[in-house]
1. Restrict the check to segment 188-204 and report whether at least one residue is in the same structural domain as S87 (by TED's automatic domain parsing), in a loop (DSSP other than H, G, I, E, B) and at pLDDT 70 or above.
2. Looking at the structure I just gave you, is P216 farther than 21 Å from D91 by Cα and not assigned by TED's automatic domain parsing to the domain that holds A66?
3. Could you identify the single residue in D91, D151 that is of a type outside the set (A, V, I, L, M) and touching a helix residue (DSSP H, G or I) at 6+ places or on another chain (Cβ under 8 Å)?
4. Give, as residue ranges, the strands (runs of 3 or more DSSP E) completely inside segment 33-144 that count at least 3 residues that are in contact with a Gly (Cβ under 6 Å, 6 or more places away or on another chain), in contact (Cβ under 8 Å) with a residue 60 or more places away in the chain and not basic (K, R).
5. Could you tell me which of the residues I330, I348, I361 is modelled with pLDDT under 95 and of a type in the set (A, V, I, L, M)?
6. Please enumerate the residues belonging to segment 324-338 that are crowded, with 19+ Cβ neighbours inside 10 Å and either in a helix (DSSP H, G or I) or on the phi > 0 side of the Ramachandran plot (or both).
7. Testing Q221 on (1) part of a helix (DSSP H, G or I); (2) surrounded by fewer than 21 Cβ atoms within 10 Å (Cβ to Cβ), one condition comes back false. Which one is that?
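The values are calculated or read from the model by the stated rules, or taken from the named source; none is laboratory data. Values in this document were obtained by computation on a predicted structure and should not be read as measured data. Positions of Cβ are generated from backbone atoms using ideal geometry, with glycine treated the same way; all protein chains shown enter the neighbour counts.
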Amino acid sequence: MHRRLLLLPVLLTTFALWTGCETPPPQRAPLPPSESDLDLLKSTKLCDSRQAFIDKHPGIAPQTQAWGSGQEIRIPAERSPSKGEESYFFDEDGTLVGTLFLFRSGLDLGPYKTLRYTLSRLKPSLEFYLTVAELADRQNMAFSTLYDTGDEKTTTRYLVLNDPTTPRLLAASFTIDPYVKLFSPYRKEFLERLRETTQQGGGQHLDTQGAEDKEPFASLQQFARGQTAQLAYCGTKNQPLALDAYQKANVSGFTSTVWQAELHHRLGVSWEAAGNLEKAKSELLASLAKRPNSPEVVNNLGYVYSKLGEKQNALASFEKAVLMRPNYAIARFNLAEAVADTNPKRAITEYETYLALTEGIPEEADRGALAQNRVKALKHQ
């Protein structure tokens, strides 16, 4: 799967157009099969506003409760069109970022031929024994499987009770990718919802089941909010909102060096977009201090150096980025721009390498045309 690179405002000179800091979404290719004839998101869609959601559900009196800095709206099974317990999660800006459907007694997938076929083609992401109190024909543990699918910007997860004759759906989640970590049906709090019951004696309780966050929930939530805004998961980029989110994530903090490094990276990109180059440089250097071998951060630091007029540092950064990742197309282009005035022959080589790496990629068509024009001009000097 190829996703569009994040390009920030460019710096124009007589013969140079630097690409902006980039934070491309993680690659996930090829896309898994995702066809389904079970339409749970009939009346709403991810990225809807809270008001739009309310307008699409007239006559329903949902339950509301806090979800970190956001809000969860729950529709009980007896009031929901799906006949399952529906939960809709909105961030603090009122944007729908994830949904969860729970079927405590199990939804028979027999009538849904397309979904059953899709699940048969997916590789299980997790298999485990699960205890669910309201399964009428099961008093003990049942073997369950978690499946992941989705498209370029969203992830769908199905938790299925395995049965050779009548597979049943226990839970389904839909989320935009930055929030995927917070919406797995295998999260401890969601498994506990499946076990909630007023009945007595139904199934054992295994309190150790389910994933729990190793990082502060507030940090994960704000980091996801920042990614959503910075990478335009819900339409357009919103760099001021991204900066606000990453700063809030920084307040609660991360314990993992990897998370800390990436947060500094994202803050650097956000500060560059806000025009504060010194803060951008400081954050990118802080990221590299914790994780030195990140070609994306090195390339982005090179871009900031170029805007600050530190040409030698910019050149050294771009050279390091392509040394670390020889097929890093954007860094190749940046390197060509950096040496075009002083080493035309090398610039031609770097432009041509960039063109070879990006051949057939629609998102790079404009930059590709520019690179071709650069090569023609350099050859005729």
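1. no
2. No.
3. After ruling out the rest, the residue left standing is D91.
4. The qualifying strands (runs of 3 or more DSSP E) are 96-108.
5. Of I330, I348, I361, the one residue that is modelled with pLDDT under 95 and of a type in the set (A, V, I, L, M) is I361.
6. A329, I330, A331, R332, F333, N334, L335, A336, E337, A338
7. So the condition that Q221 fails would be (2).
Yes/no matrix, rows are residues, columns are (1) crowded, with 16+ Cβ neighbours inside 10 Å; (2) closer than 23 Å to L357 by Cβ; (3) under 20 Å from the mean Cα position of the chain (by Cα):
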{"position": "Q247", "(1), (2), (3)": "no, no, yes"}
{"position": "F254", "(1), (2), (3)": "yes, no, yes"}
{"position": "T257", "(1), (2), (3)": "no, no, yes"}
{"position": "A280", "(1), (2), (3)": "yes, no, no"}
{"position": "L308", "(1), (2), (3)": "no, no, no"}
{"position": "S317", "(1), (2), (3)": "yes, yes, no"}
{"position": "V322", "(1), (2), (3)": "yes, yes, no"}
